[in-house]
Amino acid sequence: MVELDNATDGTRVVLARGGEVKVLLDTNLATSLQWDMPAKVAPVLAPIGQGIYVGKGSVRDVHLGGTNIFRFRAEEPGRTTLEFAHRRMGEPNAAPSKTLRYEVIVP
């Protein structure tokens, strides 16, 4: 498994078929911003479940921030880009405050 913990935009990952990539991105729900789950990664990758949010404190400690976690499995040979957009919750068409892209290659 490859883990990208707040990796730099443009990071490239090579995964064997059946391998997994786990993306961890810091966020803070107190700002109403969170990372969107990337679309259009098939057939190279398949999401493993939905993205989740893990807070750094209790449910009442939203101001402490947390992490959005996304997991994907390498399914088919090829290349795809995982594109994450950091935007306000409930505003899917709003311009993101930040975008991160990771290129994934499955030989």
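The values are calculated or read from the model by the stated rules, or taken from the named source; none is laboratory data. All figures in this text were calculated on a predicted structure; none of them were measured in a lab. A quick note on method: Cβ atoms are made from the backbone with ideal geometry, for glycine too, and the neighbour counts reach across all protein chains shown. What goes into the accessible areas is simple: the full protein's heavy atoms, side chains included, and nothing from ligands, DNA or RNA. Shrake-Rupley method; radii C 1.70, N 1.55, O 1.52, S 1.80 Å.
When the solvent-accessible area of the chain is split by element, carbon and sulfur atoms take up 50 percent of it, the probe being 1.4 Å. Taking the DSSP beta bridges with both ends in the chain, the antiparallel portion is around 80 percent.
State the answer as a single residue: which of Leu24, Gly65, Gln50 lies farthest towards the positive end of the charge dipole of segment 20-107, with beta carbon charges of +1 for Lys and Arg and -1 for Asp and Glu, about the Cα centre. Toward the positive end, the furthest listed residue is Gly65. If every alpha-carbon in the chain counts as one equal scatterer, what log10 I(q)/I(0) does Debye give at q = 0.14, 0.17 1/Å? Reported log10 I(q)/I(0), two decimals: -0.54, -0.77.
Label positions at Ile48 and Met1, each projected 7 Å from the Cα along the C-beta direction, are separated by 0.5 nm. Sequentially through segment 84-94, phi angles give Karplus couplings (6.51, -1.76, 1.60; θ = phi - 60°) of 10, 10, 9, 9, 5, 4, x, 10, x, 9, 6 Hz, Gly and Pro residues having no value and appearing as x.
A cut-off of 5 Å between modelled amide H atoms, ignoring neighbours fewer than 5 places along the same chain, links Thr11 with Glu103. The residues of the chain present an accessible area of 58 Å² per residue when probed at 1.4 Å with all protein chains retained.
Computed about its Cα centre, the charge dipole of the chain is approximately 60 debye, with only Lys, Arg, Asp and Glu carrying charge at their Cβ. Between Val2 and Glu20, Val21, Lys22, the built amide H atoms are under 5 Å apart, and every one of these is 5 or more places off in sequence or on another chain.
The residues neighbouring Glu103, those whose beta-carbon lies less than 15 Å from its own, together hold a net charge of +2 under the Lys/Arg +1, Asp/Glu -1 convention. Note on Glu75/Leu24: beta-carbon distance plugged into 1/(1 + (r/R0)^6) with R0 of 22 Å gives a FRET efficiency of 0.55.
Amide hydrogen proximity for Thr27: with H placed 1.01 Å from N in the peptide plane, the residues at 5 or more positions away or on another chain lying under 5 Å are Gly66, Thr67, Asn68.
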